[in-house]
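Below is one structure; the comments refer to it alone.
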Amino acid sequence: MSVETVVSEDDLAEMVEQVWVSYLDPEGVSPLVLTGDDKQTTEVHSTVSITGTWHGHLVYACSLTAAKKSAAAFLAMEMDEVGQEDISDVLGELANIVGGNVKAMLPAGCFLSLPTVVLAPDTASYYPAAERISGLYGSWDGEPVSISMWQSVKQQQEGAA
Amino acid sequence: MTLSQADFAFVSALVRREAAIVLAPGKEYLVEARLIPVARQVGAASVTDFLANLQRKPNPADQRRIIDALTTNETSWFRDREPFTALTDVVLPELVKSRGSARKVRLWSAASSSGQEAYSLAITLQETLPAGWGYEIMGSDISTEMIKRAEAAEYSQVEVNRGLPATQLVQYFERVGAHWRVAPHLRRNVSFKHMNLTAPLPAMPPFDVIFLRNVLIYFDVATKKSVLRNVARLLRPDGWLFLGAAETTIGIDDNYERVAAGRTSAYRVRSAVPAGAARKG
Amino acid sequence: MVIDDSRAMRMILKRIVAKLNFEAIEAGDGQEALDLLATMTEVPELALIDWNMPNMNGLEFVTKVRAEPRLREMTLVMVTTESEQSQIVRALAAGAHEYVIKPFTEGAMIEKLALLGLVPTGANS
C-alpha cells in the first residue's frame, strides 16, 4: 500500500510545524521555510524504523549548525556549549517525535524503533530494499533541514499487486 | 529595521490594555516579526507605517489584528475553566429545576471562532445534564472562514493537547489522519451560524445561557452597548450571560446585574433575578 | 519525577516543572525509575512518563506503580508520541491520570497539570 495516500506531504509539514511551535521556535520568529530542495546537502541525520503492518524508515537530517541550534533550544545552552552527545540526543528525539506522529497515521499494528543517529550526511546511510517515497525539505534561518520517508520495496510491490 | 521605542511602547500599551499581555523590553524583534504579515495584510508599506497610521487614526479591526498576532496561536478547551465549572455546579442544576417540562437547554457561543468553546459547552452539557435531557448549542462568528473551521470540527494534535482531559479526548473525538475530529454524537447538537453582533440579529428562540467572552473588549463603548442590547433580546428572562474574565456590563448596560456563579461572575437581566439569590454588586 | 530515555526531553520537562516549583528527579527508563522510588522515603507527587523506553516502558511502569499501595498518591502523566486512540485508552485503563502527546507546548503542559490541580495559582500566566 502506498503511504502517500496515508501520510501526505501536507501532513508531514503540519507535524514538523508543530515541533517548531513547541520546541524550536516557540516565539514564532524563525519558522522552517519549505523550499522543496530535495537535493540539499545535510551533515547529520537520525532515523527511526517502522515495522509491523507497514515497513519503512523516517529520516531527519540537517546541517551541523541546525543540529546545534536544536540542541541549544532543547537543552537551554549556548550553541558553542553543544557537544556531540547533545546533538545525538536531540536529533534522536526529533526523529522519534516526527516518527511517532507518522506512525499514528499509518494502519494499526505498527511499531517504532529507537532512533539511531549518524553524524554524517543522510546520503551516507543506506536503506537496503527501501525507496524514498516522500519528503519535506526546508530552510531554518538559512540552514537545511530535511525529513524523508522511506518504504520497503517489497511492501510497495505487494501493495501494487 | 527595528521597531522604534515609541512604536514598541504603543503596541505594548495596546496589548496590555486590551488583552492583558505584558511585553517585556527586549521583545521588539518579536513584535516586529509578528507584525510584518499584518502590515502586509492591510497594505501598509511597513510595520512603522502601519503603526503610524493606526496611532493617527485608531481602528478596532487593526487593533484586533495586532492583538491576534501577538497572542498565542492556540485557543483552549474550557477556557479559563471557571465559567464551565459554574455551568456544572450552579447554572445547569438551576435550569434543570426550572426547565422541567421542556427538558431542554439552549446555549449560544457568540464569537465561537474555531469552535472550541461551543464544543467545550457540548461536552459540559453531555456530562452534566441528567438522562432524558436534550440540548442545542449555536455557535456564531463574524468570520465565514471560522464558521467553516468550526463546522469541520477538526483540530490538530497541538490544539487538542490544550486543556482537554485525556478521558474526554478519547470519548468525544476520533482520529482523522494527523488530526482529531469531534465525534458525531457530540456534533449532532452543535450548529454554527455566520453573524455580526454589531448588526441587528435575526429573530430566533431565546437562549438559556450565552457565552459572550472576549468579544466586547474589541469594541468602543457605543458598540458594546448595542451588542449587549442585541444579545439581551435573545436571552431568556432568567437566562445567564457569561463574559470574559476582564469584562463587565457595569457602566455599560444597566439592564444586567452581576451575580456570583461558582467562583466567577455571570450576568442576568436585572428584573428577573429572584429575591434572595446571590448578588454581587 | 521525569522518566524519558531522551535527555533533551527530560530537560524540557524539568524546565517546565521548575516553573511550578517542582524539583525534578530524572530516570532514563521505567526500571531505573522504580529502583529510585524504592530508595525514596518521600514519594514524588507527580511523574511524567515517556512510553517507549528500553528495559521497561512507560505502560509497564504505570501498571507497576498502580499496583503498589505505597505509591498510591503519585499522579501519573504519560508524555509520549504514542497518539493512537487505542494507546491513550490503554494508558488510562492502566491507571495513568493524564496524557500529553508530543510535541507539546509549554502552555499545554502547564494546562494539563492545572487540570490535575498541580499548578500553584498564578503560575500559569
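The values are calculated or read from the model by the stated rules, or taken from the named source; none is laboratory data. Just so it is clear, the model here is predicted, and its values are computed rather than measured. So basically every Cβ, Gly included, is an ideal-geometry build from the backbone, and we count neighbours across all protein chains shown.
Anything in the range B:155-167 that is surrounded by 20 or more Cβ atoms within 10 Å (Cβ to Cβ) and on the phi < 0 side of the Ramachandran plot? List them, or say none.
Across the range B:155-167, the qualifying residues are B:155, B:157, B:158, B:159, B:160, B:161, B:162, B:164, B:166.
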Taking interchain pairs and intrachain pairs at least six residues apart, which have beta carbon atoms under 8 angstrom, with the first residue in the range C:75-91 and under 17 Å from residue C:102 (Cβ atoms) and at the interface with another protein chain (Cβ under 7 Å from one of its Cβ atoms) and the second hydroxyl-bearing (Ser, Thr, Tyr) and surrounded by 16 or more Cβ atoms within 10 Å (Cβ to Cβ)? C:88/C:99
Would you mind stating whether residue B:200 is away from chain C (no Cβ under 14 Å), out of contact with any strand residue (DSSP E or B) (no Cβ under 8 Å at 6 or more places or on another chain), farther than 29 Å from residue C:119 by Cβ and in contact (Cβ under 8 Å) with a residue 12 or more places away in the chain? yes
Every residue from the range C:92-114 that is touching a strand residue (DSSP E or B) at 6+ places or on another chain (Cβ under 8 Å) and either within 14 Å of chain A (Cβ to nearest Cβ) or not in a helix (DSSP H, G or I) (or both): C:95, C:96, C:97, C:98, C:99, C:100, C:101, C:102, C:104, C:108, C:109, C:112
Step by step: first the residues of the range C:115-125, then only those that are without any contact (Cβ under 8 Å) to a residue 12 or more places away in the chain and polar (S, T, N, Q), then the one that is nearest to the other protein chains (Cβ to nearest Cβ). Which residue is that? C:125
The range A:5-24, subset of a type in the set (D, E, K, R) and in contact (Cβ under 8 Å) with a residue 60 or more places away in the chain, residue surrounded by the most Cβ atoms within 10 Å (Cβ to Cβ): A:11
Considering residues that are closer than 19 Å to residue A:22 by Cβ and more than 8 Å from every other protein chain (Cβ to nearest Cβ), the number found within the range B:157-197 is 4
Take the residues in the range B:193-245 that are surrounded by fewer than 19 Cβ atoms within 10 Å (Cβ to Cβ) and either assigned to a strand (DSSP E or B) or of a type in the set (D, E, K, R) (or both), then tell me which one is modelled with the highest pLDDT. B:193
Going through A:59, A:7 one at a time, which residue ends up being away from chain C (no Cβ under 13 Å), under 14 Å from the mean Cα position of the chain (by Cα) and at pLDDT 95 or above? A:59
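So that you can scan it fast, the table gives a plain yes or no per residue for (1) farther than 26 Å from residue A:22 by Cα; (2) β-branched (Val, Ile, Thr); (3) in a loop (DSSP other than H, G, I, E, B); (4) in contact with a strand residue (DSSP E or B) (Cβ under 8 Å, 6 or more places away or on another chain):
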position	(1), (2), (3), (4)
C:22	no, no, yes, yes
C:53	no, no, yes, yes
C:61	yes, no, no, yes
C:78	no, no, no, yes
C:89	no, yes, no, no
Could you say whether any residue in the range C:64-74 is at pLDDT 95 or above and in contact with a Ser or Thr (Cβ under 9 Å, 6 or more places away or on another chain)? no
Filtering strands (runs of 3 or more DSSP E) wholly in the range A:114-159 for at least 2 residues that are touching a Phe, Trp or Tyr at 6+ places or on another chain (Cβ under 9 Å) and touching a residue at least 60 places away in the same chain (Cβ under 8 Å) gives A:130-140, A:143-152
Being over 30 Å from residue B:119 (Cα atoms) and among the aromatic types (Phe, Trp, Tyr), is that true of even one residue in the range B:27-50? yes
Just one of A:89, A:10 is acidic (Asp, Glu) and more than 27 Å from residue C:110 (Cβ to Cβ); which is it? A:10
Within the range A:28-53, residues in a loop (DSSP other than H, G, I, E, B) and away from chain B (no Cβ under 14 Å) come out as A:35, A:36, A:37, A:38, A:39, A:40, A:41, A:42, A:43, A:53
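Which residue is nearest to residue A:14 (Cα to Cα), if the candidates are limited to the range A:101-124 and must be more than 14 Å from every other protein chain (Cβ to nearest Cβ) and surrounded by 15 or more Cβ atoms within 10 Å (Cβ to Cβ)?
Among those residues, the one meeting the criterion is A:122.
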It is to be established whether one or more residues within the range A:69-83 are part of a strand (DSSP E or B) and within 14 Å of chain C (Cβ to nearest Cβ). no
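When the residues of the range B:18-41 are filtered to those that are of a type in the set (A, V, I, L, M) and over 26 Å from residue A:141 (Cα atoms), which remaining residue is modelled with the highest pLDDT?
Narrowing the range B:18-41 to residues of a type in the set (A, V, I, L, M): B:19-24, B:30-31, B:33, B:35-36, B:38-39.
Add one more test, that the residue is over 26 Å from residue A:141 (Cα atoms), and what stays is B:19-22.
Working: B:19: 66, B:20: 63, B:21: 68, B:22: 72.
Here the residue is B:22.
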Residues that are surrounded by fewer than 17 Cβ atoms within 10 Å (Cβ to Cβ), within 22 Å of residue B:168 (Cα to Cα) and at pLDDT below 90: does the range B:51-59 have at least one? no
